[in-house]
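Peer 1: Sharing a structure here in structure tokens format.
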Amino acid sequence: MKFPVPHDVKAKTIPGTEGWERMYPYQYQFVTDDPVRNQYEKETFWFYDGLHYPEPLYPFDTIWDEAWYLALSQYNNRIFQVPPVRGVDHRIINGYVYISPVPVKDPEEVGRRVPNFMERAGFYFKNWDALEAKWKKKMEATIRELEALDIPRLPELEDMSVVTEALGESKGFHLIKAYDDLINLGIKCWQYHFEFLNLGYAAYVFFLDFTQKLFPNIPLQRVTQMISGIDVIMYQSDEELKKLARKAIELGVVEAVTFSKEWTEVEQALQKLPKGKEWLAALERVRNPWFHISTGTGWYHHDRSWNDNMNVPLSGIQTYVEKVQKGLSIERPMQKVRDERDRITAEYRALIDKPEDRKQFDELLGCAKTVFPYVENHLFYVEHWFHSIFWNKMREVAAIMKEHGMIADIEDIWYLRRDEIKQALWDVVTAWATGVTPRGTKTWPAEIEWRKGVMQKFREWKAPPAIGTAPEVIQEPFTIVLWGVTNKSLADWAAVQEVKDPATITELKGFAGSPGVTKGRARVCRTVDEIRQLQEGEILVAPTTSPSWAPAFAKIGACVTDVGGVMSHAAIVCREYGMPAVVGTGHATKIIKTGMMLRVDGSTGGVSIAR
């Protein structure tokens, strides 16, 4: 398989975007002026991280990529010292993030790292429950600190208390400090994000590796099924919608809850009814924290939360009301999934001859089951609860910049890097202190308009799925189970790319994410608004999925995604709902159109398209 040279791809600048590199941190650029770094980049295999970034990154939104660039790599390489891999290197081309796991190539060094990993990771595995409880306290304290953070406006004249209490500090100083505190809380949150995450995946990979040695032909999917059927906090927001649906029926306010798709109209109708007010009070009790859930992945500022867009949870409640009234179950088939999990586990365990192998099988499976909930739970605390509040705190910063003429609209702030915002705030506070006009009133509006045009051109560009030198064999476990990047998947993606007329493609291949076979009409969804158009029994086709789309899983017959491996969110959720999923197809949303008839085989990873 041949992939483009990264520097060649970068050199083909999209007309009108010349100079786009200044929108991102300098270390993200592929370089030509440093021979050593240039050679390393050419010899390295880079793949597009569409799992996290299905669209180009806004300059400010790069903050989370910088945060996990540091956090994942430090835990892998400097804290737990995972033996075969150091961390993940990052680059950006035309707003799209490319990543590459950094392997430990020297077998002797791998061996030297093993004792450190066993001691350090072993401590976490042995004390997992106590340490995870401590983690929740740290995360919740960080969220409370974020909620309490005040972003001060700049007054015409400071309050008299500054004089009478001899405070010795101005609102200008506190605005700069508040911005620093806001950014630092975001980075700290992501330090916690990865404290357990790599170990959660590692426990699964250890169990997978051991099981595949015992049973060389075992499907990857069978291994994932052995750790399914575990309840996690990430599903709680969806459970709250189900409770509210049942309560609407119980209180007799269904008509008021379902007559409109607009929350403001529904709320007004409910306020006029005594039982309606009771239902609204029940909803209000669960909004914090359960509606602090992003309508997307939470990685982009425009992924507003349910609390910001109440039409989204309303749509989910209405879906569940309709199902309950029809006498249909709205529960996840937990017992069915667990029964199948236990059957598969017992079946394979009975085939193990040696008692010592059986003992290790039990221990590794037990560890994987213990640590697995964190893999999904951390999403709620970080990408959803924390991020939902964080984005709105940044909007408070933007409101001040708009007030002082630095930006024309609050949403313009996302076109600036976080260090540029810091610089612009210094411009604002020094100009405020001095009584002059900030220079940035002439600098930033024009730059932002240019960047808006650049971002639009980036969206129209087709990012290659991979660039650089592909390894003979991709072995890095996280790359395989989370991103779904293997030699086979790359070959499948390349084969599709080489087809001149996409309309002739009748089959796509991906990972067998969740077992089962189903047929149905496709519904291609990239946003939460498109998710609301889903009809009963349709097959969801998406770049990736979001936990906030959970009500959709009560409607659909199967799921197909562009990116992701067997441990991606789409694969995990579909296994919990007992429905077929094919993930990591590479091109599903580009090839499949809404209304096409599909046959999804979640047991083999095949998607057939009826033309």
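Peer 1: Being within 25 Å of GLY316 (Cβ to Cβ), out of contact with any Phe, Trp or Tyr (no Cβ under 9 Å at 6 or more places or on another chain) and of a type outside the set (Lys, Arg) narrows it down to one of VAL607, VAL600, VAL573, VAL563, so name that one.
Peer 2: So the residue among VAL607, VAL600, VAL573, VAL563 that is within 25 Å of GLY316 (Cβ to Cβ), out of contact with any Phe, Trp or Tyr (no Cβ under 9 Å at 6 or more places or on another chain) and of a type outside the set (Lys, Arg) is VAL600.
Peer 1: Shifting gears a bit: Would you check if ARG91 is loosely packed, with under 15 Cβ neighbours inside 10 Å and at pLDDT 95 or above?
Peer 2: Answer is no for this residue.
Peer 1: If you take the residues in the range 174-220 that are hydroxyl-bearing (Ser, Thr, Tyr) and under 19 Å from the mean Cα position of the chain (by Cα), which one is modelled with the lowest pLDDT?
Peer 2: Checked the range 174-220; the qualifying residue modelled with the lowest pLDDT is TYR201.
Peer 1: Let me ask something additional. Anything in the range 1-35 that is aromatic (Phe, Trp, Tyr) and at pLDDT 95 or above? List them, or say none.
Peer 2: TRP20, TYR24, TYR26, TYR28, PHE30, listed by residue number.
Yes/no matrix, rows are residues, columns are (1) open to solvent by 10 Å² or more (accessible area, probe 1.4 Å); (2) not polar (S, T, N, Q):
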{"residue": "SER514", "(1), (2)": "no, no"}
{"residue": "ALA522", "(1), (2)": "no, yes"}
{"residue": "SER546", "(1), (2)": "no, no"}
{"residue": "ALA554", "(1), (2)": "yes, yes"}
{"residue": "GLY557", "(1), (2)": "yes, yes"}
{"residue": "HIS569", "(1), (2)": "yes, yes"}
{"residue": "ILE572", "(1), (2)": "no, yes"}
{"residue": "GLY578", "(1), (2)": "yes, yes"}
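Each row is one residue, and each column tells you yes or no for (1) more than 17 Å from GLY186 (Cα to Cα); (2) out of contact with any helix residue (DSSP H, G or I) (no Cβ under 8 Å at 6 or more places or on another chain); (3) open to solvent by less than 10 Å² (accessible area, probe 1.4 Å); (4) not basic (Lys, Arg).
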residue: LYS336; (1), (2), (3), (4): yes, yes, no, no
residue: ASP353; (1), (2), (3), (4): yes, yes, no, yes
residue: PHE386; (1), (2), (3), (4): no, no, yes, yes
residue: ALA399; (1), (2), (3), (4): yes, no, no, yes
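Peer 1: Scanning the range 56-82 for residues that are part of a loop (DSSP other than H, G, I, E, B) and either over 20 Å from the mean Cα position of the chain (by Cα) or not assigned by TED's automatic domain parsing to the domain that holds LYS188 (or both), which turns out surrounded by the fewest Cβ atoms within 10 Å (Cβ to Cβ)?
Peer 2: Going through the qualifying residues, I end up with GLN81.
Peer 1: Also, quick follow-up: In the range 18-40, how many residues are assigned to a helix (DSSP H, G or I) and out of contact with any strand residue (DSSP E or B) (no Cβ under 7 Å at 6 or more places or on another chain)? Outline the logic, then answer.
Peer 2: Our first condition is that a residue be assigned to a helix (DSSP H, G or I); within the range 18-40, this holds for 20-23, 26-28, 35-40.
Of the ones still in play, those that are also out of contact with any strand residue (DSSP E or B) (no Cβ under 7 Å at 6 or more places or on another chain) are 20-23, 26-27, 35-40.
Residues flagged as assigned to a helix (DSSP H, G or I) and out of contact with any strand residue (DSSP E or B) (no Cβ under 7 Å at 6 or more places or on another chain) within the range 18-40 amount to 12.
Peer 1: Which of the residues that make up the range 146-168 are more than 21 Å from GLN423 (Cβ to Cβ), more than 30 Å from the chain's Cα centre (by Cα) and in a loop (DSSP other than H, G, I, E, B)?
Peer 2: PRO155, GLU156, LEU157, GLU158, ASP159, MET160, GLU165, ALA166, LEU167, GLY168
Table: residues versus (1) small (Gly, Ala, Ser); (2) assigned by TED's automatic domain parsing to the domain that holds TYR98; (3) out of contact with any Leu (no Cβ under 7 Å at 6 or more places or on another chain).
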{"position": "LEU490", "(1), (2), (3)": "no, no, yes"}
{"position": "LEU508", "(1), (2), (3)": "no, no, yes"}
{"position": "GLY520", "(1), (2), (3)": "yes, no, no"}
{"position": "CYS525", "(1), (2), (3)": "no, no, no"}
{"position": "THR561", "(1), (2), (3)": "no, no, yes"}
{"position": "SER568", "(1), (2), (3)": "yes, no, no"}
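Peer 1: Sticking with this one: For GLY168, state whether it is at positive phi and at pLDDT 90 or above.
Peer 2: Yes, satisfied.
Peer 1: Report every pair of residues separated by at least 6 positions or lying on different chains whose Cβ atoms are under 9 Å apart, first residue within the range 319-333 and at positive phi, second part of a loop (DSSP other than H, G, I, E, B) and loosely packed, with under 12 Cβ neighbours inside 10 Å.
Peer 2: none
Peer 1: VAL85 - would you say it is modelled with pLDDT under 95 and more than 25 Å from the chain's Cα centre (by Cα)? Outline the logic, then answer.
Peer 2: On the way: modelled with pLDDT under 95: yes; more than 25 Å from the chain's Cα centre (by Cα): no.
Spelling it out, it is not the case that VAL85 is modelled with pLDDT under 95 and more than 25 Å from the chain's Cα centre (by Cα).
Peer 1: Now for a separate question. Quick one: VAL102 ticks every box in (1) modelled with pLDDT under 95; (2) of a type in the set (A, V, I, L, M); (3) part of a helix (DSSP H, G or I) except a single one, so which number is it?
Peer 2: Unmet condition: (3).
The values are calculated or read from the model by the stated rules, or taken from the named source; none is laboratory data. Keep in mind that what you see is a predicted model, and the values were worked out from it rather than measured. As a convention, Cβ positions derive from the backbone with ideal geometry for all residues, glycine included, and neighbour counts pool all protein chains shown. The protein model used for the area step is the full one, side chains on, heavy atoms only, and it has no ligands, DNA or RNA in it. Shrake-Rupley method; radii C 1.70, N 1.55, O 1.52, S 1.80 Å.
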